[in-house]
Amino acid sequence: MTVAIIGSCLLGFVALLYITLALGFPLGEFAMGGADRVMPKKKRVACAISIPVQIFAALTLLQAGKVISIGLPDTVAKYICIGFGLYFALNVLMNLMSKSNKERFVMTPLAAITAFSLLFTAFHM
């Protein structure tokens with residue numbers, strides 16, 4: 001349960017970051033390759049689309065960790081967590097290859113902890 005709460009808080013933090021990016025705040029060095037200080041319009045749309053995805057991942061993780069129920073069958077919540085966990089594991093590799101120090105040193109460990117939280121919770125339901 002604690003791991004699910006930590007992971008969902010990190011997902012919430014990322015959702016907040018993406019809200020600021022979608023609104024045009026100059027934090028682009030933390031995301032999407034870190035090439036743009038302020039996200040161009042196409043990337044802002046991508047940021048906006050990812051916000052509900054991040055929130056859904058956080059809520060699913062909380063259900064898998066038996067903290068709340070969002071009405072998903074446990075098996076479905078487990079596989080969604082595995083899918084998101086694998087996505088964030090891939091995200092770790094992508095962040096490590098970023099040219100942005102901010103993305104490499106901040107977002108890489110954040111993605112790693114999130115991936116661990118999702119996978120650990122899925123396999124310990």
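Every read-out reported here was derived from the displayed coordinates using simple, explicitly stated rules and does not represent laboratory data. Being a predicted model, the structure only gives us computed values, none of them experimental. Counting neighbours? That spans all protein chains shown, and the Cβs are built from the backbone with ideal geometry, glycine included.
Okay, here's what the table says:
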{"read-out": "Relative contact order computed over the range 1-60 (Cα-Cα under 8 Å; 6+ residues apart), in percent", "value": "42 percent"}
{"read-out": "At least 20 Å along the helix axis (C-alpha) and Kyte average at least 1.0, DSSP helices within the chain", "value": "2-22, 74-96, 108-123"}
{"read-out": "Gyration tensor over alpha-carbon atoms, the chain, equivalent ellipsoid semi-axes in Å", "value": "26, 15, 11"}
{"read-out": "DSSP loop trypsin sites (Lys or Arg not before Pro) with at most 16 other Cβ within 10 Å: longest gap in the chain", "value": "1-36"}
{"read-out": "With 5 Å bins from 0: P(r) over the range 40-112, alpha-carbon pairs, percent", "value": "3, 16, 18, 21, 20, 12, 8, 3, 0"}
{"read-out": "Distance (nanometres) between label positions extended 7 Å along Cα→Cβ at D74 and A89", "value": "2.3 nm"}
{"read-out": "The chain: relative contact order in percent, alpha carbon pairs under 8 Å with at least 6 residues between", "value": "33 percent"}
{"read-out": "Calculated [θ] (222 nm, deg cm²/dmol) that DSSP helices of n ≥ 4 give over the chain, each run adding -39,500 (n - 2.57)", "value": "-23500 deg cm²/dmol"}
{"read-out": "Orientation-averaged projected area, Cα convex hull of the range 77-125 (nm²)", "value": "2.8 nm²"}
